[in-house]
Amino acid sequence: DTKAGGKGKGGGKGGAKDSSDTKSEAKGAQSLNVRHILCEKHSKKEEALGKIRDGAKFDDVAREYSEDKARAGGALGWKTKGSLDPQFEAVAYALENSTTANPKVGEAKTSFGYHIIMVEGRK
């Protein structure tokens, strides 16, 4: 079964309900419009995640918690495949598109710290 392509899937936390396989455009996306919240400490990332799960808007939480220079609501803008950290990218490409008001988030740990990731669009 070559369709499954075990590369880049799994290993990360986030749950088994991965519906992105059914959307053909998700597989072929070459760039993502992505936002993230970067925290150095796991506890701070958990706090930010809690706020999002409680219904806070992603960009508001990003402005309050993110420790990187993408403070504009966590927006990284359009990023092409291969331009991001591999752990970050694997999570980001597995996520479905969502909005800051109702974000579908994933988590990654990179050399930069702990990321909460959401994807607003793909092309």
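The values are calculated or read from the model by the stated rules, or taken from the named source; none is laboratory data. Remember, predicted model here, so these are calculated numbers, not experimental data. All Cβ positions, glycine included, derive from the backbone under ideal geometry; neighbour counts span all protein chains shown. Note: areas computed on protein heavy atoms with side chains; ligands, DNA, RNA excluded. Shrake-Rupley method; radii C 1.70, N 1.55, O 1.52, S 1.80 Å.
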For residues in region 62-94 being open to solvent by 20 Å² or more (accessible area, probe 1.4 Å), in contact with a Ser or Thr (Cβ under 8 Å, 6 or more places away or on another chain) and part of a loop (DSSP other than H, G, I, E, B), which is nearest to residue 36 (Cα to Cα)? 85
Test: residue in region 111-121 that is surrounded by 12 or more Cβ atoms within 10 Å (Cβ to Cβ), touching a His at 6+ places or on another chain (Cβ under 7 Å), modelled with pLDDT of 95 or more and small (Gly, Ala, Ser): no
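Filter region 46-61 for residues that are closer than 14 Å to residue 107 by Cα, within 15 Å of the chain's Cα centre (by Cα) and in contact (Cβ under 8 Å) with a residue 12 or more places away in the chain; which is most open to solvent (accessible area, probe 1.4 Å)?
Looking only at region 46-61, we keep the residues that are closer than 14 Å to residue 107 by Cα, and these are 46-50, 52-53, 58.
Restricting the remaining residues to those that are within 15 Å of the chain's Cα centre (by Cα) gives 46, 48-49, 52-53, 58.
Then keep just the ones that are in contact (Cβ under 8 Å) with a residue 12 or more places away in the chain; that gives 48-49, 52, 58.
Details: 48: 0, 49: 1, 52: 16, 58: 0 Å².
Out of the qualifying residues, it is 52.
Among the residues of region 52-61, write down those that are part of a helix (DSSP H, G or I), of a type outside the set (A, V, I, L, M, F, W, C) and farther than 14 Å from residue 34 by Cα.
Filtering region 52-61 down to residues part of a helix (DSSP H, G or I) leaves 52-53, 58-61.
From what's left, of a type outside the set (A, V, I, L, M, F, W, C): 53, 59-60.
Hits for region 52-61 are 53, 60.
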Is region 22-33 home to any residue that is assigned to a helix (DSSP H, G or I), more than 18 Å from residue 120 (Cβ to Cβ) and at pLDDT below 50? yes
